[in-house]
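Report on one structure; see the data block that follows.
The values are calculated or read from the model by the stated rules, or taken from the named source; none is laboratory data. On a predicted model such as this, the values are computed, not experimentally measured, just so you know. Cβ: placed from backbone, ideal geometry, glycine included. Neighbour counts: every protein chain shown. Protein only, heavy atoms only, side chains kept; ligands, DNA and RNA dropped before computing areas. Shrake-Rupley method; radii C 1.70, N 1.55, O 1.52, S 1.80 Å.
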Amino acid sequence: MVIDKEIKETMHVIVGSCYDVYKELHGGLLEKAYEDCLCYELRLRKHDPQQQVDVPLWYKGVKIGKSYKLDLLVDNKIILELKAVEELAPEHRMQLFNYMRLTKIVYGMLINFSKDHGVRFERYYLDVDTNNCMIF
C-alpha cells in the first residue's frame, strides 16, 4: 500500500490542528465543540472540511430512507470520526469503517479528544478490492 503524498501532508495538517484544538480546549467537552473548532483550524490552513455529511444507505440500487452522518470530510478525501471518550472502543472503529465502505472513501482517521489521555489518532485505509480497512 502506497499512501499518496498529498494525503500524508493533509493528515499531518489534521494532526497538528487537533493538537492546537486540544491545547486550547483541553479535554472534557462534548464532541461537537472539538468538531467545530477543528473545522475552524482546518479552514485557517486552507483545507475544506465539511461537517455532518449525509451518508445514504443504498440497498440493491435503492436508496433506503435511513442515512448516516459522518463527522467531518476533509477535502472530499479523508473521513474524520471524532470522539470525546476516555478510551476508544471497537464500535468506534466499526462506525468509521462503515462510513468508509458506504462512501468508498479510502482514507479515514479516528480521533479521540480524551479528558485524561490527550488527543489520540488512528489512521485507516480501505482496500476496495477486499472491502477491508487496515491501520497504517
Fill in the blank from the handout: Those residues of segment 96-136 which are free of Cβ contacts under 8 Å to residues at least 24 places away in the same chain and either in a strand (DSSP E or B) or buried (at least 17 other Cβ atoms within 10 Å of the Cβ) (or both) amount to Val106, Asn132, Ile135
Exercise for the section: Kindly indicate whether any position in segment 77-86 is open to solvent by 80 Å² or more (accessible area, probe 1.4 Å), touching a residue at least 60 places away in the same chain (Cβ under 8 Å) and part of a strand (DSSP E or B). Expected result: no
Exercise for the section: Confirm whether Lys23 is assigned to a helix (DSSP H, G or I), surrounded by 11 or more Cβ atoms within 10 Å (Cβ to Cβ) and free of Cβ contacts under 8 Å to residues at least 12 places away in the same chain. Expected result: no
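Table: residues versus (1) touching a strand residue (DSSP E or B) at 6+ places or on another chain (Cβ under 8 Å); (2) buried (at least 19 other Cβ atoms within 10 Å of the Cβ); (3) not in a strand (DSSP E or B).
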position: Met1; (1), (2), (3): yes, no, yes
position: Lys46; (1), (2), (3): no, no, yes
position: Trp58; (1), (2), (3): yes, no, no
position: Tyr68; (1), (2), (3): yes, no, no
Exercise for the section: Determine if segment 64-73 includes at least one residue that is farther than 24 Å from Ile7 by Cβ, charged (D, E, K, R) and at pLDDT below 95. Expected result: yes
Problem - Of the criteria (1) more than 27 Å from Gly28 (Cβ to Cβ); (2) in contact with a His (Cβ under 9 Å, 6 or more places away or on another chain), which one Glu86 fails - result: (1)
Problem - The listed residue being among the aliphatic types (A, V, I, L, M) and farther than 23 Å from Tyr22 by Cβ, out of Val74, Val106 - result: Val106
